[in-house]
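The values are calculated or read from the model by the stated rules, or taken from the named source; none is laboratory data. Predicted model only: the values in this text are computed from it and were never measured. With ideal geometry, Cβ positions are generated from the backbone for all residues, glycine too; neighbour counts draw on all protein chains shown. Side chains are part of the model used for accessible areas, which takes the heavy atoms of the whole protein and leaves out ligands, DNA and RNA. Shrake-Rupley method; radii C 1.70, N 1.55, O 1.52, S 1.80 Å.
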Amino acid sequence: KNNGGAAVVSENGISETNDNPCFLIAELYNPYEISCKNGIIVFGKAVENRTKIDAEKTVVLLDTANTNALNIVHDSGCAVIGCSMSGHDTISVSGLAGFPAKMISLQRTIRTLDGDIIEPHDFQVKLKEEMPVYPLLAGCAVLLLGGISSADGYSF
């Protein structure tokens, strides 16, 4: 809610986090092909290597330990943002500080979906409950790419 809200379409139906969501999220479980223009694709751990991408001006978020996701995006032409604890990835946790606040590090310059440039920086995320690292980092990357400023931090 604090970060623009989302409408989620999944096998369970449609749900919204607030009355005027800024994001549409479609949960797809192992699709054969993903066709997307000027959007964000977030790969989960269970993605199968058979998925094909037809994506123009699309950014893919993935955990760089996910070899299936890496194989899918290889030669796809998509911009890829790695999200993990590795210092080699675009976005990572900058310290081991724990719950309820974490420092996140954007380690490379990225371009939002609207074309704005975001320079590397650290920002704080406040958590209502513990969450795994990859979903936290992917959520932060989606907000950054969507043009939601991290100046005041995010809360999940």
Based on this model, can you work out whether S94 counts as polar (S, T, N, Q) and under 13 Å from L136 (Cβ atoms)?
yes
Might you let me know whether the stretch 79-87 holds any residue that is out of contact with any helix residue (DSSP H, G or I) (no Cβ under 6 Å at 6 or more places or on another chain), among the polar types (S, T, N, Q), closer than 16 Å to A141 by Cβ and open to solvent by 60 Å² or more (accessible area, probe 1.4 Å)?
no
Within the stretch 78-101, the residues that are among the small types (G, A, S), in contact (Cβ under 8 Å) with a residue 12 or more places away in the chain and touching a Ser or Thr at 6+ places or on another chain (Cβ under 9 Å) are A79, G82, S84, S86, G87, S92, S94
Any idea which of T67, T58 is open to solvent by less than 30 Å² (accessible area, probe 1.4 Å) and out of contact with any His (no Cβ under 6 Å at 6 or more places or on another chain)?
T58
Taking the stretch 106-156, which residues are closer than 21 Å to K37 by Cβ, hydroxyl-bearing (S, T, Y) and in contact (Cβ under 8 Å) with a residue 60 or more places away in the chain?
none
Candidate set from the stretch 38-55 (those that are open to solvent by less than 50 Å² (accessible area, probe 1.4 Å) and either part of a loop (DSSP other than H, G, I, E, B) or in contact (Cβ under 8 Å) with a residue 60 or more places away in the chain (or both)); member that is farthest from H88 (Cα to Cα):
T51
Is it true that A151 is of a type outside the set (S, T, N, Q), more than 24 Å from A6 (Cα to Cα) and part of a loop (DSSP other than H, G, I, E, B)?
no
Whichever residue in the stretch 107-124 is modelled with pLDDT of 95 or more and among the aliphatic types (A, V, I, L, M) and, among such residues, is surrounded by the most Cβ atoms within 10 Å (Cβ to Cβ):
I110
Candidate set: the stretch 126-142, residues that are over 11 Å from I91 (Cβ atoms) and not charged (D, E, K, R); chosen: the one surrounded by the fewest Cβ atoms within 10 Å (Cβ to Cβ)
P132
Enumeration of residues in the stretch 26-58 that are within 19 Å of L145 (Cα to Cα) and modelled with pLDDT under 70:
E27
